[in-house]
Amino acid sequence: MTLEEFKTYKMWVLLAWLGWSVLMTIAGGSQKAMFAFMSERLIYSVRTELFTELLHKQISWFDSESRAPGIITKVMSENVTDLNGMTSEYIITVVEAIVMVFTAVIGGAIICW
């Protein structure tokens, strides 16, 4: 390989790396945005369903201390928000790991072929 061929090869490798970096930045940002949107929709659905079920309860159901309005409000605000953190952060990590494993296996097979 001559010096000119090496410089050309080096330029193509650097451009490929730069393109891959830009692509991964866009893909990572869009992935996090989509999972955040999905998570917010899930939280909205859970809160709406919980509130709808609370409206259909009889008045005597709220007489128990464990079902006081303050405790129910706490459940609606804190526990549902915990669900948001679990779904978005956990799912993003799992999806990233799966995609990276498949990408590494396919890339390794292409390079070593």
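Suppose we keep only residues that are among the hydrophobic types (A, V, I, L, M, F, W, C) and within 16 Å of Ile43 (Cα to Cα) within segment 73-113. Which one would you say is surrounded by the fewest Cβ atoms within 10 Å (Cβ to Cβ)? Filtering segment 73-113 for residues that are among the hydrophobic types (A, V, I, L, M, F, W, C) and within 16 Å of Ile43 (Cα to Cα), the one surrounded by the fewest Cβ atoms within 10 Å (Cβ to Cβ) comes out as Met86.
Against the numbered list (1) surrounded by 11 or more Cβ atoms within 10 Å (Cβ to Cβ); (2) assigned to a helix (DSSP H, G or I), Lys57 comes up short only at (2). All of Ile111, Ile91, Ile106 fail the test of being within 20 Å of the chain's Cα centre (by Cα), in a helix (DSSP H, G or I) and either closer than 16 Å to Trp20 by Cα or of a type outside the set (S, T, N, Q) (or both), apart from Ile91. Do we have Glu5 as of a type in the set (D, E, K, R), modelled with pLDDT under 85 and in a helix (DSSP H, G or I) here? Considered against the rule, which asks whether it is of a type in the set (D, E, K, R), modelled with pLDDT under 85 and in a helix (DSSP H, G or I), Glu5 comes out as no. Evaluate the following for Thr48: is it without any contact (Cβ under 8 Å) to a residue 12 or more places away in the chain, out of contact with any helix residue (DSSP H, G or I) (no Cβ under 8 Å at 6 or more places or on another chain), farther than 30 Å from Ile92 by Cβ and surrounded by 10 or more Cβ atoms within 10 Å (Cβ to Cβ)? Criteria not met by Thr48.
For segment 32-45, filtering for residues that are exposed (fewer than 11 other Cβ atoms within 10 Å of the Cβ) and among the β-branched types (Val, Ile, Thr) leaves 0.
The values are calculated or read from the model by the stated rules, or taken from the named source; none is laboratory data. Keep in mind that this is a model prediction, so the values were computed, not measured. Heads up, the Cβs are rebuilt from the backbone with ideal geometry, glycines too, and the neighbour counts pull from every protein chain shown.
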